Every structure is written in structure tokens, then in C-alpha cells.
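See structure below.
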Number of protein chains: 2
Amino acid sequence: MNKKIKDKYELHAQVLKALSHSTRLFIVNELARNEKCVCELQELIEDDISTISKHLSILKQAGIIEDRKEGLRVYYRLRLKCLPMFLSCVENIIIEKTKMQFELLNLSSKQ
Amino acid sequence: MNKKIKDKYELHAQVLKALSHSTRLFIVNELARNEKCVCELQELIEDDISTISKHLSILKQAGIIEDRKEGLRVYYRLRLKCLPMFLSCVENIIIEKTKMQFELLNLSSKQ
DNA sequence: TGGCTATTTTGCTATTATATCAAGTAGTCA
DNA sequence: TGACTACTTGATATAATAGCAAAATAGCCA
């Protein structure tokens, strides 16, 4: 694979990597509804706040979310509007995969 | 975050993790056009064949691709038809992000 | 059967990602 | 100014992943 092509896919992989974590997916889904401050996310997730802050910085640096400051609070919102559609595609993958496993089970029980 | 929700996002994260690698994204894009055997992919990628085989098994186990055997060769194809759409969404993220960085550069040079 | 080709699996080391705690920054308000 | 709240960053220990090479498996054909 030539370097130019590899670099292009490297960029794509970085975005996907940023989304490859259950907490970060949860965050993205929450922010798809409306913006939230770190403290609101912390209440929902119940992890150490520094862990959540770090997840947010990973999403931000990937260009997936952006922030704005209001007094003491930092509000985050989704930058990528096509993300919910994209996640429903992932949902399809999971459903398909589960079906496949189910069919496999059926086949093996018939033997 | 309650366990049920966490588990759901964990499943999604696994699919995204499988896609979070430049070689695997390349593979998926190649297979989006038509099925290919491992040896054909190896020619294009030029990595150790055992490395490519491992990438393929990661994509397969995530439900993203499937395989069929023909003689000595194993042909892989895309299982997830919505994937190209989904990747164009990632492309948008990258374009947006690049624009943002460009604007930042412009702003700072005006000072 | 034995030798050949295509692919997968295993064992290994190096690299990268994650979680946590402690310390640091930034904005508010008395 | 100093205490307080909301958040970020740094250090570090632990866990997951990548890539290579050697060994194993599977199908073909003489």
C-alpha cells in the first residue's frame, strides 16, 4: 500500500478510534440530543471526572465534538451531524452479526 | 451508566475498533468493490501475510466481512453494505476538522 | 502418500491505550 | 485576596493491540 493512501486511511482510523469506546459512544449519543456540560455527563456516567474529561478531549481532538465555556462550566456539543446515521449503520452490523450467530446455533442443534 | 446500556455500547465499540486501523479500512474499501482472496489483498498491501490474515479475522469476527473457500483460496467479501456511506461520513469529519484547523491558522496569522 | 500452495494460528516483543490519583488551571464571588 | 467550584493535565501502572516469524492446517495434484 503506498504511503499517500496509507496516510489517508490513517486519518480515517483516528476518527474511528476516537469513537471505539463505550463511554465515548455514550457521550456522543447524549450530545446528539443536546449539548451538555462535563458535570451533567459525569452524573450520567458515574466515572471519575478526570476520566470523562480525558474522553472528551479525545473526541474533541478527533473533531467529533466542540466545546464552549459558560462561567465555570464547559459545554460540549456534537460537531458531526451525520454521526447518528453512521451509528445506526453500526447497529445494523450488530443485528446482522447476531442473526448469523443465531442461525449457526440453529444449524448445530439440528445435527 | 447502567450495565445494560454499557454493554450495548461495548458491542458498538467492538465494531468500530475493528474498523480503526488503516490496513483494515483499506481492506474494507477494496472489498466494497468486489470480493478478493487473501493473496490478492497481500499483493496490494505488501505486509506479511500472517498480519493480513489477522486483520481479516478481526473484521470477520466483528461481522463486517465474510469468507468463502474456493480450492486453496479464501475469498472475502463485505457483509455490511451501508459501510461505504458510513465511511463517507467519517470523510466529512476529517474535512470539517481540517477546515477548522485552517481557520485557526488564519486567525492566528492576523494577530 | 508426499510435496506444494494458500491461509491460519501461536509465541513473542514492542507499542499504544486506559484508568486513576494527585496536582494544576480558570472562573466566580465574598 | 483567598476560598470554592468545574474542569484539565501529568505521572504511572496495567491492559490491549500490532507485527513478525515459525509452526500448524487444509486442499490440491502427481
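The values are calculated or read from the model by the stated rules, or taken from the named source; none is laboratory data. Just so we're clear, the structure is a prediction, and the values are computed from it rather than from any experiment. We place every Cβ from the backbone using ideal geometry, glycine too, and count neighbours over all the protein chains shown. Just so you know, the surface numbers come from the protein's heavy atoms only, side chains and all, with ligands and any DNA or RNA stripped out. Shrake-Rupley method; radii C 1.70, N 1.55, O 1.52, S 1.80 Å.
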| query | Identify, please: which residue in the stretch B:64-101 is exposed (fewer than 12 other Cβ atoms within 10 Å of the Cβ) and within 14 Å of DNA strand C (Cβ to nearest atom) and is, among those, nearest to the other protein chains (Cβ to nearest Cβ)? | reply | B:68
| request: Identify all residues within the stretch A:102-111 that are open to solvent by 80 Å² or more (accessible area, probe 1.4 Å) and small (Gly, Ala, Ser); write none if there are none. | output: A:109
| query | Of everything in the stretch A:11-34 that's at the interface with chain B (Cβ under 7 Å from one of its Cβ atoms) and open to solvent by 50 Å² or more (accessible area, probe 1.4 Å), which residue is farthest from the chain's Cα centre (by Cα)? | reply | A:11
| task | Identify all residues within the stretch B:61-81 that are of a type outside the set (Lys, Arg) and either part of a helix (DSSP H, G or I) or within 12 Å of DNA strand D (Cβ to nearest atom) (or both); write none if there are none. | result | B:61, B:62, B:70, B:71, B:72, B:74
| task | Can you confirm whether the stretch A:53-62 contains a residue that is out of contact with any Gly (no Cβ under 6 Å at 6 or more places or on another chain), more than 19 Å from residue A:24 (Cα to Cα) and of a type in the set (Lys, Arg)? | result | no
| query | Under 7 Å by Cβ, and 6 or more places apart or on different chains, what pairs join a residue from the stretch A:39-63 that is within 13 Å of chain B (Cβ to nearest Cβ) and open to solvent by 60 Å² or more (accessible area, probe 1.4 Å) with one that is more than 9 Å from DNA strand D (Cβ to nearest atom) and assigned to a loop (DSSP other than H, G, I, E, B)? | reply | A:44/B:1; A:46/B:1
